[in-house]
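A.B. asks: The structure's right below; bear with me while I get my questions together.
Just so it is clear, none of the values below were taken in a lab; they were calculated from the coordinates. Quick caveat: nothing in here was measured; it's all calculated off a predicted structure. Don't worry about glycine lacking a Cβ; one is built from the backbone with ideal geometry, like all the others, and counts go over all protein chains shown.
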Amino acid sequence: MLPYGRQSIDQSDVEAVVSALGSDWLTTGPRVAQFEADIEAVAGAPAVTVTNGSTALNTAYAAAGVKPGDEVVTTPMTFVSTASAAATLGAKIVFADIEDETANIDPRAVEAAVTTRTRAVGAVDYAGHPADYDALRKISESVGAVLIGDAAHSIGSTVHGRPVGSLADLTTFSFFPTKNLTTAEGGAVASIRPDLLKRARTYRTIGVVREGLRRPDEGPWFYEVHEFGENYRLPDVLCALGSSQLRRLAAFKARRQQLTARYDELLADVPGLRLPIQREGVDPLRHLYPVRVLDGRRREVFERMREAGIGVQVNYIPVYWHPVFEDLGYQRGMCPVAETFYAEQLSLPLFVDLSDADQDRVVEALRTILGS
Ligand SMILES: *Cc1c(COP(=O)(O)O)cnc(C)c1O
């Protein structure tokens, strides 16, 4: 089965990991700081590494001060952790519908959803296309909320030359194998605000602080915990892989752009399909190639592509459809644009080592099914 996404690991990646394994530090060592500096160079803001994209979101919401009784406005067109990572801190999740064109959260829906209780607004850069952060920032600032970007899909993307990582107050990344780069499991939080990044770093390190102590310093061993945190540390072995992968990011971007352009061209005349668009000024590192299958044929196309050995995927089931939200009273129908998008959405294989020949096979299979 041709997968819809997969990692690209070369000899330089293997050597970086082997070298870390032979070093004095398997975790909490120099490769962590190095990977964080390497992320900053791409993201345009300082970063702290964490264990995965879900704990990155949890860390970002904690750094934003999300607590029981707060509201967090976010999109239903995402992986569940964009919402659940705030719900586990006690927040009430308020879903705002998406834009039909980009499948990103719609600023007009966010405007209607925010209240004085809104602690954070969480956007997602769906498929690698950044959300409309300029519009979202005006709204989040109007109610004193923190703007968070879930950039699990979009590390390496820019908007008018500004990198993802510098657009929201806090930005989270995932380094799962299907994403734009991988550390097996891994993630990071970047922030343009030093106060928020410091809180994120403390939270992912169990709340341990060694500066600004409340009590007299007892000696070099001394530390305090002022607020509860979690151990979300990413080990040196995986940070070594991350730094190695980041050195390849420009090549990853070039290949993903090439494959995207080929899909755009090869699928342009296929009937019953809608292809993804790109807004002016956006230079995306595309994680997904999401098409829309019209005329109610998505399930049929999904099944026939899988039968042909092509691992298509659906991204995503609207988050509030999950029974954990249903049990809290959320009802189907609340975000109609997202539900229509879900009903038609199909992700085609897109990854760095996808060959032109395999991509041609994907296109031919789609053509056969849709009859052109
Ligand atoms: C993958 C993903 C996550 C979660 O990342 P993990 O590293 O798998 O925990 C969160 N949000 C989005 C949009 C994702 O695609």
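A.B. asks: Counting only other residues whose beta carbon sits under 13 Å from that of residue 62, what net charge do I get with K and R as +1, D and E as -1?
C.D. replies: Taking every other residue near residue 62 into account, the sum is +3.
A.B. asks: Now, a different point. With a 10 Å Cβ neighbour count serving as the proxy for reagent exposure, in which order, fewest first, do 82, 178, 116 appear?
C.D. replies: 116, 178, 82
A.B. asks: Please give, to one decimal in nm, the separation of the simple spin-label points placed at residue 258 and residue 101, each 7 Å out from Cα toward the Cβ.
C.D. replies: 3.0 nm
A.B. asks: Here is a further query. 7 Å from Cα along Cα→Cβ at both residue 358 and residue 324: what's the point-to-point distance in nm?
C.D. replies: In this crude label model, residue 358 to residue 324 measures out at 3.2 nm.
A.B. asks: Please compute the contact order of the stretch 218-372 in relative form: average sequence separation of alpha-carbon pairs under 8 Å and at least six residues apart, divided by the residue count, as a percent.
C.D. replies: 28 percent
A.B. asks: Round to the nearest 10 and give me the degree value, 0 to 90, for the angle of helix 53-63's Cα axis relative to the longest principal axis of the chain.
C.D. replies: Between helix and principal axis, roughly 50 degrees.
A.B. asks: Let me ask you something else. Which of 245, 345, 278 moves most in a GNM of the chain, Cα contacts under 10 Å?
C.D. replies: Ranking 245, 345, 278 by mean-square fluctuation puts 278 first.
A.B. asks: Same structure again: What is the sum of charges, Lys and Arg at +1 and Asp and Glu at -1, for the other residues whose Cβ falls under 11 Å from the Cβ of residue 167?
C.D. replies: Local net charge: -2.
A.B. asks: Order of 184-190, 104-110, 57-63, 228-234 by packing, highest average Cβ count within 10 Å first?
C.D. replies: Averaged packing, sorted descending, gives the order 57-63, 184-190, 104-110, 228-234.
A.B. asks: Residues in the stretch 350-372, backbone N under 13 Å from the label point at residue 300 (7 Å along the Cα-to-beta-carbon vector): list them, ranges by number please.
C.D. replies: Under cut-off, by backbone N: 368-372.
A.B. asks: Could you bin all the Cα-Cα distances of the stretch 31-145 into 10 Å bins starting at 0 and give me the percent of pairs in each, rounded to whole numbers?
C.D. replies: 14, 42, 34, 9, 0
A.B. asks: What are the equivalent ellipsoid semi-axes of the stretch 179-288, built from the alpha-carbon gyration tensor (square roots of five times its eigenvalues), in whole angstrom, biggest first?
C.D. replies: Ellipsoid semi-axes (Å, largest first): 44, 16, 12.
A.B. asks: Checking the cross-link filter: which aspartates and glutamates have an alpha carbon closer than 20 Å to that of residue 67, excluding same-chain neighbours under 8 positions apart?
C.D. replies: Within the straight-line cut-off, residue 67 pairs with 141, 150, 169, 195, 227, 230.
A.B. asks: For residue 319, what charge total do you get from the other residues with a beta carbon under 13 Å from its beta carbon, if Lys and Arg give +1 and Asp and Glu give -1?
C.D. replies: Combined, the nearby Lys, Arg, Asp and Glu give -3.
A.B. asks: In what order do 13, 134, 70 fall by count of nearby beta-carbon atoms within 10 Å, going from fewest to most?
C.D. replies: Fewest-to-most Cβ neighbours within 10 Å comes out as 134, 70, 13.
A.B. asks: Could you pull out the trypsin sites (Lys or Arg not before Pro) across the stretch 289-372 that fall in loop regions by DSSP (anything but H, G, I, E, B) with no more than 15 other Cβ atoms inside 10 Å?
C.D. replies: For trypsin sites (Lys or Arg not before Pro) across the stretch 289-372 that sit outside H, G, I, E and B with at most 15 neighbouring Cβ atoms in 10 Å, the list reads 332.
A.B. asks: Along each of its three principal axes, how wide is the spread of alpha-carbon positions in the stretch 249-370, in whole angstrom units, largest first?
C.D. replies: Sorted largest first, the three principal extents are 47, 34, 24 Å.
A.B. asks: Follow-up question, since we're still on this one. To check my understanding: the extent here is largest minus smallest coordinate of the Cα atoms along each principal axis. What are those three numbers for the stretch 11-246, in Å, largest first?
C.D. replies: 53, 50, 28
A.B. asks: Label point 7 Å out from residue 11 along Cα-to-Cβ: which residues of the stretch 228-271 have amide N under 18 Å?
C.D. replies: Those under the cut-off are 244-245, 247-248.
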